[in-house]
1. For the range 123-141 and the range 249-278, compute the distance between their C-alpha centroids and round to whole Å.
2. What is the dipole size for the chain, taken about its Cα centre, with +1 at each Lys and Arg Cβ and -1 at each Asp and Glu Cβ, in debye to the nearest 20?
3. Out of the range 1-81, which GluC sites (Glu not before Pro) are coil in DSSP terms and have no more than 16 other C-beta atoms within 10 Å?
4. Determine the principal axes of the Cα atoms in the chain, then give the extent along each, sorted from largest to smallest and rounded to whole angstroms.
5. Can you give me the C-alpha center-to-center distance between the range 303-324 and the range 180-204, rounded to a whole angstrom?
6. Find which of Gly331, Val244, Phe297 sits farthest along the positive direction of the dipole of the range 227-377, computed with +1 on the beta-carbon of Lys and Arg, -1 on that of Asp and Glu, about the Cα centre.
7. Can you find, among Ala70, Gln344, Ile268, the residue farthest towards the positive end of the dipole of the chain? Put +1 on the C-beta of Lys and Arg, -1 on that of Asp and Glu.
8. Quick check: Cα centre of the range 342-360 to Cα centre of the range 5-32, how many Å?
Amino acid sequence: MQIDVLIENGTVVDPATGHSGRYDVAVTGDRIVGVWKPGSAGGDICRRVNAEGCLVTPGLIDIHAHIFEAVPQMGVRPDNVGIDQGVTTVADAGSSGEQNFHEFVERSVISNTTQVLAWLNISSPGLVEGRSELADLNRLVAESTLARIAEYSDIIIGIKARMSGSVVKESGIYPLAVAKSVARRAELPVMVHIGNAPPKLQEVLDLLDEGDVVTHAFHGKRGGILDENGQLIPQARRALDRGVRFDVGHGSSSFSFATMNQARELGIMPYSISTDLYLENWLRGPVYSLTMTMTKFLALGYSIEQIIEWTTAAPARILRRSNEIGTLKEGTIADISILKVVDQPVELVDSENEKLSFDKLIQAQYTMKSGELYPCK
Ligand SMILES: [Zn+2]
């Protein structure tokens, strides 16, 4: 057997297949061809990569970032938060809508190494003309949104609707009803951003179905998934029971250690960890990267296996690409992250400016995208 790259001596963590421990990972062309006990790879090995002391995981997936550089003060170049940071797939969360999706494809999808997918904003201009994109109902154009989805069915993975007061103004819950109707017709999930009311979270949650995603689920603002007594609101319980997925979506103002800890007390876990990275919180924090966000969960006491599940297999299910990515299964695309958990004092900060001192940091060392190896920055 011809092996182009053998990643050896590392500790494999692949929640999708259950592999956890010392294995070598073999890659030929753009595919994974085997995960074997150390030293058992036979045949012709062209290149060996020594991953001693590192974790070897499926390529990390971030389902919420802003990677459309046409959005002023917001859009980051996809590779900057993708392969440079150990992430092989990034989904843009509604930076563009049907009106400017062609430009998004030109600028953000084609010209980057990172795999770029997108939640199409239900508002026609996306975020390009400002952050109150759902205040004007004329921007809800169902038929052209459906046409764009059909045109780019390989890139568009769902519909984004930002349901908070500053976005919708007087429009209330109506834009979400439109988003749901379009998504149903296209047989895609909706990702809903939640924040300050209106609309009320109760109303938002009641409109969601199995497979839909609530991002910023663990924010620290009033009117979130927990009531004033720290109990889960009934609409959130029913949504979870229906199969609605709660995603982190850290962002500058949408992740709270206190909310996460209280949710954990109640047995509520994130379905996935995403960043909501954009220029400001990428450069100056508190987000910085997906691995930094993962470090915060390590500091909160979750296991590395669990955290890797939330950043590989789980987001791959949300993107409906479990057969291709989010796993090291033989025959899948050779998207692999080589990470290191380094002993280093670090002060972690959430979106409420709460600080947490910790002594470990998850760092991305190398990213393999479709069989090509890139050093992280
Ligand atoms: Zn966002």
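Values quoted throughout were computed directly from the atomic coordinates according to the rules given, and no laboratory measurement underlies them. Model, not experiment: these values are computed from the prediction. Glycine also receives a Cβ, built like all others from the backbone with ideal geometry; neighbour counts cover every protein chain displayed.
1. Result: 27 Å between the Cα centres.
2. 340
3. Here the sparse-neighbourhood loop sites are Glu52.
4. The principal-axis extents, from largest down, are 64, 46, 37 Å.
5. What the calculation gives is 22 Å, centre to centre.
6. The residue sitting farthest along the positive end of the dipole is Gly331.
7. Positive-most Cα among the choices belongs to Ile268.
8. Centre-to-centre distance over Cα atoms comes out at 30 Å.
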